[in-house]
Amino acid sequence: MPIQSTNESRAVSISRPSSIKLPPMSAVNYPIYNHQSDGNSGFLRAARAGNLEKVLEYLRSSIDINTSNANGLNALHLASKEGHVNIVQELLSRGANVNAATKKGNTALHIASLAGQEEVVKLLVQYNANINCQSQNGFSPLYMAAQENHIEVVKFLLANGANQSLATEDGFTPLAVSLQQGHDKVVAILLENDSKGSKVRLPALHIAAKKNDTKAAALLLQGESQPDLNYKEGGFVNCTTKSGFTPLHIAAHYGNLEVAQLLIARGADVNYAASQNITPLHVASKWGKDNIVKLLLEKGAQIDAKTKDGLTPLHCAARSGHDQVVDLLLESGAPFGAKTKNGLSALHMAAQGDHVDAARILLYYKSTLVDDVSSDYLSALHVASHCGNFNVAKLLCERRADVNAKALNGFSCLHIACKKNRLKLVELLIANDADVEARTESGLTSLHVASFVGSHEIVIYLLQHGANIDSNTVRGETPLHLAARNNQIDIVQTLLNYGATVDAKAKEAQTCLHLATRLGNIEIVSLLLKANAFVDSETKDGYSSLHIAAKEGHEEIASLLIDHAANLNLFTKRNFSALHICSKYGNIKVANLLLQKGASPDIQGKNDLTPLHCAVHYNHSNIALLLLQHGASPHVTARNGYTPLHIAAKKNVLDIAEMLLEYNANTNAQSTGGFTPLHLSCQDGHSDMTYLLLANHADPNIASKCHLTPLHLCAQEDRVKCAEALVSKQADINAQTLSGYTSLHVACHFGQINMVRYLLKLGANVNIETNLMFTPLHSAAQQGHVMIVKLLLENGASPNKTNKHGMTALSIAQRLGYISVVEELKVVTETTIASKHELITEERYKIQAPEVSHEEHPLTDSEDETAHSAEDNIAVIYPEIGYIALAKPINNLKMRDKTTKGSLKSLFSYLPANECT
């Protein structure tokens, strides 16, 4: 092949092996060429010689920067050839045509690439040189760099978009000329670059193995030099990718026998275990390359090699249905009983893929495999039933497979076929004496399963073949329950047509009507009622279907139930009516329906609570208004005397409180303990509610049965803002309880210093006494509140006052051991301090406390009404239906055959860490 000289006037011939004929590099005429003159010649000579000063002198004389000699070589070409970067830079910056071509069609980039002038090449590309420009016979810059073994130039051109597929007129590529010249490093670079765009980039030797390019492979093996590869024992021939695959794995995948033979001859390890312990034999078996399988076995490949998950080559061949490979492996002694970590045999694999010939071969070698089971007791027939593979299932039945074998969770093959809606398999299994009444661990028959998943034709077929229509699970549920659970309308109709018991009760005494109502399926509810389902049937908790509809907010179903004479005033076991339940859950449409149909708005349930009490407690203002509009009384009291306004005050629901007041609710209504809504709002610190009640004539001085006023409760809980509201309405700050405690006593007792300050500021009597002659100072000292003691003393409290037992505040503090209080009081108290002996021998001190509110709320959030105590999650109730136990090992058989050729990731995606998925 001729190689151009500097001025393209001569060609130097280099002999090449006769096996490869490369085309000569000839020229193509460039459209415009300038004629030579003495000035032009001097300019070109200066550029070639690298004389920048002379070149600049010519350029300043206005010479044509693109002038060329007889061969079409211009200053840029010549400077590029010689590597004069400074002159190239100057010419390009002054507008030299970067893509001007010689008579042979070569640009400056061709010439620089041929000469290996890397810096010039980079500069030309920076100035937008056409990187894929082809000369007269199709030569590209990359071809020229590859031809001359200019490695760095090759790398740079490839990195900047050079197309290595561009061929000469005779079809030769940069790779071809590199191979012909023996440039192993350039060959490696080109091969590796050829895998760009794939999901996984492969090293050069792997690419050669993929393309079955024995010449490239031989050259690379001869050089044995490639960066970024993992070298293992055996040298370069066993180099691996990052995922651990050798070139022999690749050759095995594509069935490239010649390269495989070459690699083995050069020492490739036939048992090399890549990621997940995959050997070349696994790969060849998976892809059905019997020629490679035979070669590997001849060369000593381990026939029973196992992947990380226990797959042998026989598993791989059986799963992919390569019966010739299966036969070859078995003939060569493959262990047909080998199992994966999950206990799956090769027959399981063949069953999963419906590979009947592979299965037949396996059974020919060992017929007892037919009932072999996995660690989850799955037989091959289970797998075939799951996958709907009729042909293999038929073969297995012919070979007398146990059709009633049960998996670990009790699922038979018939259960599985019903679950997956495989009618043909159901017919096949029953024809081979499958038990239609076989049960899973939770008591599911095949009819239960088919009813749940909606396999209509199978349901009918099972009923026609003797299936018990009212068979019960361990929870007492019939197939009709299961169909209702999963909203299978057609199945419900069919089961009813065949005589299913419509009012059958399961665990928790649930009927199908209860289930359908809860799920909101009006069509099923209608079917059940037409079949004379008992509309008022109750669950264990006393729930009727109407209660359930009220809770779930199913208005249309509630209407349908009422139309079928459902009792509006039935109570649950916790004494709640349907209207109570609507009020709790805020289902206004159902509540309105019930009221329109005659439900009593004041019906009293648990603790004499009305629906209005419930609506207020759960802050459903729309329900509260609806009830009031339908005549609900705002004055009705619960068992503890609470009116709805008490609850509104306690829960601080202002909008409902205002609504109740508009309907003339009594702000001074008293509970059984004498507490008003104002007491409750003050105790909980609801200042806005307090102002609202006071603005609506609430008495700020009203006292409970123990004479606690709202201000006492403010003092107890340190509710200063509420106290301010009370005082603004002339609350008595010195009002006393039955035991004589004022609000100041209470604040001092409970340590509420903010209220103490507030009351003292208002002029509360600091020395007022209780019935036992306790002053506020006694109360503070008794409780050890030293800061309050100081505050009281500062405001005139007498430290020398004694209670009914003759004790001062100091003596009480001494008795109880409050050192800081003692220290504070001893300097102002006239009485002497008792000795330690006296303190020990005297009678034990009895704590004195003011009255407090002990009323319990009539309704708590913990009293949650539930329509049923059974779990709603079908996977929890019947794990078999959810396939929790069964699906995993079967799904582990599924192969992710994403065949993106050239990608090792997809190539071996059938062997992930998790079994053969």
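Translational diffusion of the stretch 308-348 was estimated from the Stokes-Einstein equation, with Rh taken as the Kirkwood radius over Cα pairs; at 10 °C and 1.306 mPa s the coefficient is 159 µm²/s. Extending 7 Å from Cα along the Cβ direction at residue 639 and again at residue 849 yields two label points whose distance is 2.5 nm.
Here is the P(r) of the stretch 404-540: all C-alpha pair distances, binned every 5 Å from 0, give 2, 12, 22, 24, 18, 12, 7, 3, 1, 0 in whole percents.
Just the number, please: Stokes-Einstein D of the stretch 589-729 in µm²/s, Kirkwood Rh from C-alpha pairs, 10 °C, 1.306 mPa s.
Values: Rh = 15.1 Å.
Rounded, D is 105 µm²/s.
More than 16 angstrom separation, counting every C-alpha pair in the stretch 366-472; what % is that? Value for the stretch 366-472: 51 percent of Cα pairs lie more than 16 Å apart.
If R₀ is 60 angstrom, what is the calculated FRET efficiency for the pair residue 62 and residue 291, using the beta carbon separation as r and rounding to 0.05?
Given R0 = 60 Å and the Cβ-Cβ separation, E is 0.25.
Working out 0.36 nm times the residue gap between residue 768 and residue 408, then minus their Cα-Cα distance, what length gain in nm do you get to one decimal?
On the way: separation 360, 0.36 × 360 = 129.60 nm, distance 8.08 nm.
Working it through step by step, the gained length comes to 121.5 nm.
Each listed q (0.13, 0.19, 0.23, 0.25 Å⁻¹) maps to a log10 I(q)/I(0) for the stretch 602-670, found by the Debye formula over equal Cα scatterers with no solvent: -0.27, -0.60, -0.92, -1.11. Only one residue of 516, 604, 550 has its Cα farthest out toward the positive end of the dipole of the stretch 491-640, where Lys and Arg carry +1 and Asp and Glu -1 on Cβ, and that residue is 604.
One chain, two ends: residue 503 and residue 570. Fully extended at 0.36 nm per residue, the span grows by 22.2 nm beyond their Cα-Cα distance.
Diagonalise the Cα gyration tensor of the stretch 100-186 and give the resulting equivalent ellipsoid semi-axes, square root of 5 times each eigenvalue, largest first, whole Å. Please list the in-between numbers first.
Values: eigenvalues 63, 47, 22 Å².
The answer is 18, 15, 11 Å, longest axis first.
When Rg and the Kirkwood radius Rh are both evaluated on Cα atoms of the stretch 467-516, their ratio Rg/Rh stands at 0.91. For the stretch 282-358, the Kirkwood hydrodynamic radius from C-alpha pairs, put into Stokes-Einstein at 25 °C and a viscosity of 0.890 mPa s, yields a diffusion coefficient of 207 µm² per second. Computed from the C-beta positions of residue 707 and residue 654 and an R0 of 22 Å, the FRET efficiency is 0.15 to the nearest 0.05. Report the FRET efficiency, 1/(1 + (r/R0)^6), for residue 368 and residue 468, where r is their Cβ-Cβ distance and R0 is 45 Å, rounded to 0.05. Taking R0 as 45 Å, the efficiency between residue 368 and residue 468 is 0.85. Note on the chain: dipole from Cβ charges, positive end direction compared against 307, 297, 106; the farthest Cα belongs to 106. When the alpha carbon gyration tensor of the stretch 763-805 is reduced to an equivalent ellipsoid, the three semi-axes, largest first, read 16, 12, 8 Å.
Roughly how many debye, to the nearest 20, is the charge dipole of the chain about its Cα centre, given +1 on each Lys and Arg Cβ, -1 on each Asp and Glu Cβ, and no other charges?
Working: 80 positive and 87 negative charges, 508 e Å.
It works out to roughly 2440 debye.
Ranking 734, 130, 176 by Cα position along the charge dipole of the chain, where only Lys, Arg, Asp and Glu carry charges on their C-beta atoms, puts 176 farthest toward the positive end. For the peptides 468-477, 796-805, 608-617, the ranking by mean Cβ contacts within 10 Å, running from highest to lowest, is 608-617, 468-477, 796-805.
Over every Cα atom in the stretch 49-109, the radius of gyration and the widest Cα-Cα span, Dmax, amount to 10.7, 30 Å.
In this label model, residue 243 and residue 802 are separated by 9.7 nm, measuring between points 7 Å along each Cα→Cβ vector. Rg of the Cα atoms in the stretch 656-776, relative to 2.2 N^0.38 Å, amounts to 1.03. Here each label is just a point 7 Å from Cα along the line to Cβ, and for residue 540 and residue 490 those points are 3.5 nm apart. Residue separation of residue 699 and residue 437 scaled by 0.36 nm, minus their Cα-Cα distance, works out to 86.9 nm of gained length.
Helix content alone sets the calculated 222 nm mean residue ellipticity of the chain: runs of n ≥ 4 DSSP H residues at -39500 (n - 2.57) each, divided across all residues, give -12500 deg cm²/dmol. Size of the chain from its Cα atoms: along the principal axes, largest to smallest, the extents are 132, 92, 67 Å.
Rule-based calculations on the coordinates, nothing more; no lab input. Keep in mind it's a predicted model, so treat the numbers as computed, not measured. Every residue, glycine among them, receives a Cβ derived from its backbone with ideal geometry; neighbour counts consider all protein chains shown.
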